[in-house]
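See structure below.
The values are calculated or read from the model by the stated rules, or taken from the named source; none is laboratory data. Just so we're clear, the structure is a prediction, and the values are computed from it rather than from any experiment. Glycine also receives a Cβ, built like all others from the backbone with ideal geometry; neighbour counts cover every protein chain displayed.
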Amino acid sequence: MHVALALFVIAIGSVVFHLLSPWWWTPIASNWTYIDHTITITFWITGLVFLAVVLFMAWCVWRYRHRPRQGDVLYEPENKRLEWWLTAITAIGVAAMLAPGLYVWSQFITVPPDADEVEIVAQQWQWSYRLPGPDGRLGATAIRHVSDDNPLGLDPQDPRGADDLMVQGGELHLPVGRPVKAVLRSLDVLHDFYVPEFRAKMDLIPGMVTYFWLTPTRTGTFEVLCAEMCGVGHAFMRGFVVVAEESDYRAWLEQQQPARPAAQLRVPTMTER
Amino acid sequence: MTAAVAFLVLLAGLAGWWLSGQRLMSRPWLAAGVVEETGSLARMPAAKVGLGVFLAVVGILFSLALSAYAMRMQLADWSAPPLPTILWANTLLILLASGGLVWAGRCVQHRQKERALDGLLAAFGLGAAFLGGQLIAWDELAASGYRLADNAANSFFYMLTGLHGVHILGGLVALVAVTARLWHSADATAMRLPVELCGLYWHFLALVWLVLFAVIAGWAGDVLAVCRQLLS
Amino acid sequence: MADIPLDRVAETATTEVEDLALRHPHGWVTRYVFSQDAKTIAIQYTATALAVGFVALFLSWLMRLQLGFPGTFAFIDAAAYYQIITMHGMMMIVYVLTAVLLGGFGNYLIPLMVGARDMVFPFANMLSYWFYLLAVIILLASFFAPGGPTGAGWTLYPPQAILSGTPGQESGIILMLVSLIVFIAGFTMGGLNYVVTVLQGRTRGMTLMRMPLTVWGIFTASVMALLAFPALFVACVMLLFDKLLGTSFFMPSLVELGSRLEYGGGSPILFQHLFWFFGHPEVYIVALPAFGIVSDLIATHARRNIFGYRMMVWAILAIGALSFIVWAHHMYVSGMNPWFGFFFATTTLIIAVPTAIKVYNWILTLWRGDIHLTVPMLFALGFIVTFVNGGLSGLFLGNVVVDVPLSDTMFVVAHFHMVMGIAPVLVIFGAIYHWYPKVTGRMMNDALGKLHFWVTFVGTYAIFFPMHYLGLLGVPRRYHEMGEASFFPPSAQMLNAYITIVALVVGAAQLVFLFNLLWSIRHGREAGGNPWRATSLEWQTPQTPPPHGNWGKERPTVYRWAYDYNVPGVAQDFIPQNMPPEAVALGPRLATGGVP
C-alpha cells in the first residue's frame, strides 16, 4: 500500500515541483526563443509520459499486490497489437520532439549573410575579443605570432588585421537587434563561451575556429561563464557582455584601440563598411 | 570514424547472419520440450569461436587507429615520411610465414609431425625476421631524420607498426608454445586445432599488415578521399 | 588455458563436460585466491568493485560538502575538487558499474543461467580479475603519487588533461591512462569468456530464445564492451604518446600560461570522437545488464511471465546496435561539423523507441500480476522510476538544439546520474538482495533491506530531480563553487546545501547495506535452494551455494523458457526451466504462501 502511495507522491510531487520551482531559465535576451519553445514541447511530452508510466505503475502495485486470495494472474506472453500501438505512439511522440529540434538546429547553424563578425578568444582564464575595423574583416592569426605585445597572435603581415579592435580583459559590447556571428578561438585548452540569456553556446577549440550566431534582443549586461572544463581556474573564468542601443554601442566602439595604432587609422565605426 | 563504422557494419552483418538462424522470431512459450541446437557455431570448438571474437576485437582496434589516422591526416601540418624500402621485404616475410602455417596445418592433418614442425619453425623464423625488419625500418626512418614526435605522420607510422608488432610478438609466443606441444605430443592430430588457430591469427595479422601498409604508403588515400567527401 | 584439454571441452561443449575437466582447487590459495571458478571470480570482482564504490562514494561526499558549503572545508580547493570529481566519475563508471555488472554478475550468472559448468576459458577468466585488480591498484596509487590524481574530468579531454593548468598532470594522468589500458586488457579476457560461454556453453535445450533476459543483457553488453573499449584503448595510448613522447596526435600548437609549447597541428576533437565512440556504448554497457536483470526481478516477484519477451530481446539487440552510431551527441557544442547534428540527433531519438518498449513491457508485466513487494522488487520498481525520469531527460539532451543551452550544465549531471548512476545502482542492489541466498545460502535481513531501499531510492530522487533545475537556471557543471552571478538567486545555493545534506544521509545508508551484507553471511535466515520460487536454472542447482562445476553429475536439460509463472491449469505457480513436461503437475492452483 505504502509503496503505491510513494510512487503516486513521486509522480505528482515531481510535477508540483516543476510548476513551483523558483529555479527556471533566465529571461531570454536573444532571438533563440525557438529553443525555449522546443524545450517547452519536450517538457510537455516527457512530463505526460512520466506521469502516465509512474501513475500506471503505482496503480498496478496497489491493485495487483499480493493478497492471500489472489485473483488469477493473467498468463499473456505478448500482445502484438498493444505492443505495436505503443511503439507507434512512442514514435509519434519522438518525432514531435525531433522535428522542431532539427528545424531550429538548421537555423542555428545557418548564419545570416548580414551578420557582424566578432571574434572571441579564450585563454586560461580570461576572455578577449576582437572586432573588425573599418574594413569589416578580421585579420589572420596564428599561435606562432603570440607574444607579449601581440597577445592574440595577429599576423603582422596581414593588412586586414591592422585596424582590428582589441578588447582585452574588458567587456564585449554588442548592438541590440543586429545579428552577430561569434567566431571562436582558443589559445590553449578547450573553453566554452556561455551566456545563459543567449541560450547559444559553443566550445572554443585550440587549433581551429568555431562559431555560433545570435541576435541580441534586449539591452543589459549579461554574465559570461566558461562552460567547458579548462583547468583549476575554470569557475573563475567570467566576463560580461553588454548589449546596448546602437548609439551607446558606437560611443563604446570609438573608445577601442586598433591593433596597430601606428597604422594611423581614422576612428572606425561599424556602420562605415 | 568511417573505417571503424564500416568494420562494425561488417560485424553486424555477420552477427545478423548468425542470428537469422537462431529462430529469433519463434515464440519460446509455445513449445515445451527439448529443442536441439541449430547452427554450426554450437558445434565449433570453443577456442576457435573465442579466437574469432578476439580477432573481431583486434580488428576494431586497428580500424579505430586507422580512423584516427584518416582524420588526423586531413589537418594542415601532415607530411608523410618516405616509405622505408625494407617494408616490401617485410611484407613478403609475413606472407611467407602465413604460408608456413598453412603448410604446417596441412601436415598435421596428415599426421606428418616432422614436416609440420618444420612448417611451424619456418613460420616462427619468418615472423621473427618480420619483426626484425620492422625494427630496421624504424631505425632507417629515425636515422634519416624522421623522428617520432616530428610530425603526426611519423608518430602514426611508429604507433601503428608498434601496435601491430606487439600483436605479432604475441603470435610468436603462441607459436613457440604450440611448437613445443607438438614436439612432445605422440599424436599429431590432437594438435590440429592449436595449429589451425595459430594460422588463423597469423593470417589475420598479415591481412591487417597489408591494410596498414596500403594506408601508410598512401594507396588507401584515394579511398579515404572518397570517404571524406561522403562525410563532409 | 593449458590446464583444460581444449579440444575436449570444445567438442563436447553443448552436451556433457566431465566434471573432471575442470581445474579443481587443491588448497586454500587455489580455492579462494587464484581460483578459476567463475563464481569465486564473480565474488572477487564484486567485492573489489564494492570497495572501489565506497571510495568513490566517499569522494562524492567531499564533492558535495564543497558544493553545499563552499569555502567551509579548507582542504578542498579548486584543484582538489577537480581531482575528486575526476576520480569519482571514472571509478564509478568503469571500475564499479562495468566491473560489477559484467565481471560480477556476468561471471556468477552466465554459467549458472545457461546451464554450464563454468566459463569456457577459466584461466583467462581468472587473469581477467587479476588484471582488473592491478588496474584498481594503479588507479588508487595516483592518490599517493606526486601531484595527486588527475583532475582532468573523467572525459580526460586534451589539451587540458596533460597541461599544467590541471592538477595531477605530473603523474596522475599517466597512472590513469595506464590503469585504463590494463583494465581494458583484463576486460577483454573476461569479455571473451562471457560471449563465448553464451555462444557455446549453453546446456541441452537452452536455445537463445529460452535464455533469461539477464543473460541476453549481459551477453549483448559484453559484445558491445569488447568492441567499444578498444576506442578508449587507442585514445589512451595516443594521449600517453602526446604526454610522454611529445607527439601531437591531439595537441595543437598552443600557448600555455604565456609560453609556447612544442606541440603542433593536432586535433582535440579527434580525441573526443574516440572517447565517445567508447563513451556512449559504455552507457548501454551498464544499462543493458541492468535491463536484463530488472526484467527477471520483475517477472519473478510479480509471479508473471515477462510481457513481450520477443520484443524485449529485439529491443536489446536494437539498442546494442544503435548505440554505436550515436556517439557524437556528446559533442553537439564541441565545434565538430554542425551537419553531424542532424544525423546524431535522429539516431539518438530513434534509440528512445526500443528503450520505451522495454519500459512499457516492465510495467505491463506488473499489470495483472501477483506482486510480492520483496526487497529486490522494491529496487526494481525504484529502477523503473529513476530510469524513466533519466531517460526522458535524455530526450532533452539528445535533441541537438535543446542540448545547446543545457550542455555542460548541472542538467547533464542530474540526467546521467539518474539514468546511468542511480538506475543501474538500484538494480545492482536489487540483484544482490535477489541472488544473495544463492551465493551464501542465507537471506539478507528484510527490515534492513527495506530501510536501505527507502533511504536510497527516495534520497537519490530527492537529490537528482531538483538538480535538473539548477542546470535549467544555467549553473555550469564542474564548478568547484557556484560563485556569484547575477542570475543565481540565493535560493540556488540553499538548494545546493539541501542536496549535500540528503547526499550525506544517502551515503550513510549504504553502511546499513554493507552491514547487512556481511552480517547475513553468518546470521541470515537459511534460504534453501530456491527461496523466490524462481524458474531459471541457477535456482535449480543440486546444492546451494553451488560447488565448483555447478551441476553435480549431470548438467540440466532445458524444456521451456524462463518465464513460466502462473501457467493456467498448472498446480504450482511456477515451472522451472528444467522440469520435463510430463513432470508438471496439473490441477487447481495450490495455495502459495507468500514468498519471503
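Kindly list the number of the only condition in (1) surrounded by fewer than 24 Cβ atoms within 10 Å (Cβ to Cβ); (2) assigned to a helix (DSSP H, G or I) that fails for C:M336. Just one mismatch for C:M336, condition (2). Scanning segment A:198-211 for residues being in contact (Cβ under 8 Å) with a residue 40 or more places away in the chain and surrounded by fewer than 23 Cβ atoms within 10 Å (Cβ to Cβ) gives a total of 2.
Listed here are the residues, each with its yes/no results for (1) under 30 Å from B:G13 (Cβ atoms); (2) away from chain B (no Cβ under 14 Å); (3) not hydroxyl-bearing (S, T, Y).
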| position | (1), (2), (3) |
| --- | --- |
| C:G258 | no, yes, yes |
| C:L261 | no, no, yes |
| C:P268 | no, no, yes |
| C:W276 | yes, no, yes |
| C:H280 | yes, no, yes |
| C:R303 | no, yes, yes |
| C:R310 | yes, no, yes |
| C:L317 | yes, no, yes |
| C:S323 | yes, no, no |
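If A:A235 passes every condition in (1) part of a helix (DSSP H, G or I); (2) within 27 Å of A:D163 (Cα to Cα) but one, which one does it miss? Against the list (1) part of a helix (DSSP H, G or I); (2) within 27 Å of A:D163 (Cα to Cα), A:A235 comes up short only on (2).
Applying the set (1) at the interface with another protein chain (Cβ under 8 Å from one of its Cβ atoms); (2) in a loop (DSSP other than H, G, I, E, B) to C:L192 leaves exactly one unmet item: (2). A:P77 satisfies every condition listed in (1) under 21 Å from the mean Cα position of the chain (by Cα); (2) not in a helix (DSSP H, G or I) except (1). Number of residues in segment A:176-213 that are farther than 30 Å from C:G258 by Cβ and either out of contact with any Leu (no Cβ under 9 Å at 6 or more places or on another chain) or polar (S, T, N, Q) (or both) equals 5.
Matching residues to (1) at pLDDT 95 or above; (2) surrounded by 14 or more Cβ atoms within 10 Å (Cβ to Cβ); (3) in contact with a Ser or Thr (Cβ under 6 Å, 6 or more places away or on another chain); (4) more than 8 Å from chain C (Cβ to nearest Cβ):
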residue	(1), (2), (3), (4)
A:V3	no, yes, no, no
A:W23	no, yes, no, no
A:T38	no, yes, no, no
A:I41	no, yes, no, yes
A:V53	yes, yes, no, no
A:D72	no, no, no, no
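When the residues of segment C:238-266 are filtered to those that are part of a helix (DSSP H, G or I) and either at positive phi or in contact (Cβ under 8 Å) with a residue 60 or more places away in the chain (or both), the one that is surrounded by the fewest Cβ atoms within 10 Å (Cβ to Cβ) is C:L244. Taking the criterion of being under 26 Å from A:M237 (Cβ atoms) and in contact (Cβ under 8 Å) with a residue 60 or more places away in the chain, the residues of segment A:153-178 that qualify are A:L154, A:G161, A:D164, A:L165, A:M166, A:V167, A:E171, A:L172, A:H173, A:L174, A:P175, A:V176. Checked against the criterion of being among the aromatic types (F, W, Y), assigned to a helix (DSSP H, G or I) and over 19 Å from A:A99 (Cα atoms), segment C:310-325 contains one or more residues that satisfy it.
Filtered by the rule that a residue be within 21 Å of the chain's Cα centre (by Cα) and farther than 16 Å from C:H301 by Cα, segment C:439-452 gives C:V439, C:H452. For segment C:530-557, the set of residues classified as without any contact (Cβ under 8 Å) to a residue 60 or more places away in the chain and within 22 Å of C:T46 (Cβ to Cβ) consists of C:N530, C:Q543, C:P547, listed by residue number.
Can you spot a residue in segment C:365-382 that is among the aromatic types (F, W, Y) and either within 7 Å of chain A (Cβ to nearest Cβ) or within 28 Å of C:P230 (Cα to Cα) (or both)? Yes. Among the residues of segment C:195-211, those that are closer than 30 Å to C:P581 by Cβ, at the interface with chain B (Cβ under 8 Å from one of its Cβ atoms) and in a helix (DSSP H, G or I) comprise C:L199, C:Q200, C:L208, C:M209, C:R210. Just one of the numbered conditions (1) away from chain A (no Cβ under 14 Å); (2) out of contact with any helix residue (DSSP H, G or I) (no Cβ under 7 Å at 6 or more places or on another chain); (3) within 30 Å of A:G239 (Cα to Cα) is not true of C:M494: (1). Taking the criterion of being in contact (Cβ under 8 Å) with a residue 40 or more places away in the chain and at the interface with chain C (Cβ under 8 Å from one of its Cβ atoms), the residues of segment A:92-124 that qualify are A:M97, A:G101, A:V104, A:F108, A:Q123, A:Q124. If you go through segment C:467-486 and keep only what is facing chain A (nearest Cβ under 7 Å) and not small (G, A, S), you end up with C:Y469, C:L470, C:L472, C:L473, C:P476, C:R478, C:Y479, C:H480, C:E481. Here B:S79 fulfils each of the conditions (1) more than 14 Å from chain C (Cβ to nearest Cβ); (2) more than 19 Å from B:G170 (Cα to Cα) apart from (1). When segment C:447-456 is filtered for residues that are within 12 Å of C:G430 (Cα to Cα) and touching a Ser or Thr at 6+ places or on another chain (Cβ under 9 Å), only C:G449 remains. Against the definition (among the β-branched types (V, I, T), closer than 30 Å to A:L102 by Cα, in contact with a strand residue (DSSP E or B) (Cβ under 9 Å, 6 or more places away or on another chain) and outside the structural domain of A:F198 (by TED's automatic domain parsing)), how does A:T38 come out, yes or no? So A:T38 fails the test. Does A:W127 qualify as being crowded, with 18+ Cβ neighbours inside 10 Å, without any contact (Cβ under 8 Å) to a residue 12 or more places away in the chain and on the phi < 0 side of the Ramachandran plot? So A:W127 does not fit the description; no.
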